[in-house]
1. Considering only residues that are open to solvent by 30 Å² or more (accessible area, probe 1.4 Å) and in contact with a Leu (Cβ under 9 Å, 6 or more places away or on another chain), which ones fall in the stretch 172-188?
2. Considering only residues of the stretch 126-141 that are more than 16 Å from the chain's Cα centre (by Cα) and within 13 Å of the ligand (Cβ to nearest atom), which is nearest to Met39 (Cα to Cα)?
3. Of all residues in the stretch 34-56, how many are buried (at least 16 other Cβ atoms within 10 Å of the Cβ), part of a helix (DSSP H, G or I) and either touching a residue at least 60 places away in the same chain (Cβ under 8 Å) or touching a His at 6+ places or on another chain (Cβ under 6 Å) (or both)?
4. What is the number of the single condition among (1) in a helix (DSSP H, G or I); (2) more than 7 Å from the ligand (Cβ to nearest atom); (3) open to solvent by 10 Å² or more (accessible area, probe 1.4 Å) that Ala101 does not meet?
5. Can you confirm whether the stretch 71-85 contains a residue that is within 22 Å of Glu175 (Cα to Cα) and more than 10 Å from the ligand (Cβ to nearest atom)?
6. Could you check the stretch 141-155 and list, in sequence order, the residues that are without any contact (Cβ under 8 Å) to a residue 40 or more places away in the chain and either among the small types (Gly, Ala, Ser) or open to solvent by 50 Å² or more (accessible area, probe 1.4 Å) (or both)?
7. Could you tell me whether the stretch 22-30 includes any residue that is free of Cβ contacts under 8 Å to residues at least 60 places away in the same chain and near the ligand (Cβ under 8 Å from one of its atoms)?
8. Being hydrophobic (A, V, I, L, M, F, W, C) and within 13 Å of the ligand (Cβ to nearest atom) is the filter; apply it to the stretch 143-167 and report the residue that is farthest from Gly7 (Cα to Cα).
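The values are calculated or read from the model by the stated rules, or taken from the named source; none is laboratory data. On a predicted model such as this, the values are computed, not experimentally measured, just so you know. Heads up, the Cβs are rebuilt from the backbone with ideal geometry, glycines too, and the neighbour counts pull from every protein chain shown. We work out accessible area using only protein heavy atoms, side chains counted, and drop any ligands, DNA or RNA first. Shrake-Rupley method; radii C 1.70, N 1.55, O 1.52, S 1.80 Å.
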Amino acid sequence: MKLIFLGPPGAGKGTQAVKIAQSFQIAHISTGDMLRAEMREGTQLGNEAKSLMERGELVPDDVILGMVKNRIQKEDCKNGFLFDGFPRTIAQAEALEAISAIDYVINLDVPAETLIKRISGRRMCASCGAGYHVSTYAGETCKCGAALYQREDDKEDTVRNRLVVYERSTKPLIEYYTKKGLLHTVNGNADIEQVDAAIRSVFAK
Ligand code: AP5
């Protein structure tokens with residue numbers, strides 16, 4: 001199965017992607033996580049992406065497409081994959097079409113005020129990348145024992161710009177995939193388990 005999870009920052013793409021990828025035994029491909037790993041390793045790509053990400057701007061399409069093309073050649077993608085945060089522009093979607101078919105595009109629909117609350121309370125594990133929210137977890141360390149931190153791009157000004165960039169560059173993908181008959185919009189403004197059930201019901205149809 002080959003899936004795309006679409007939605008604005010904080011819609012819950014990463015949270016839901018982990019569950020679906022695990023239960024369908026497909027690779028979870030988060031371009032944001034891949035870029036953060038490059039930044040942690042201090043690679044040239046990571047250093048170039050850093051300032052764009054910290055401003056909430058998109059990393060250039062050719063950089064992202066290079067990463068994705070390499071990633072889907074890996075052994076763990078044989079059974080399928082789930083893109084989380086990719087594609088993010090029409091150009092990325094068109095380039096993807098030339099390299100792989102997609103079975104479903106899940107669009108997580110969440111109102112802006114909820115997105116801001118979710119993002120401002122998000123904490124990440126510096127080691128394994130697991131995500132937490134201050135409203136449901138008051139600890140300062142991850143289950144794996146490493147410290148939690150707030151993503152640089154989760155600060156308020158950057159979040160506002162990420163939402164503007166989403167409206168301008170990524171939202172047009174809703175129409176793009178609707179026209180292709182692939183889009184399924186799910187209400188993402190519900191409990192994590194309810195959203196998970198709604199996503200699975202799309203595959204059961
Ligand atoms: P990326 O890491 O992809 O960030 P994003 O798309 O902005 O998405 P988020 O990670 O903020 O949100 P999410 O939808 O995954 O929500 P989550 O599940 O974490 O990209 C970061 C940057 O990298 C971009 O700005 C860009 O610069 C660059 N980039 C990445 N991909 C790119 C591409 N393809 N092209 C160009 N540039 C690219 O949930 C958020 C919080 O809410 C968590 O705390 C979670 O616990 C909580 N939560 C989740 N679901 C629920 C729920 N149902 N109820 C209550 N709380 C919930």
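1. Correct list: Ile174, Glu175, Tyr176, Leu183, Thr185, Asn187.
2. His133
3. So the answer is 2.
4. (1)
5. yes
6. Selection gives Thr141, Lys143, Cys144, Gly145, Ala146, Ala147, Tyr149, Gln150, Lys155.
7. So far as the stretch 22-30 goes, yes, one or more of its residues are free of Cβ contacts under 8 Å to residues at least 60 places away in the same chain and near the ligand (Cβ under 8 Å from one of its atoms).
8. Going through the qualifying residues, I end up with Leu148.
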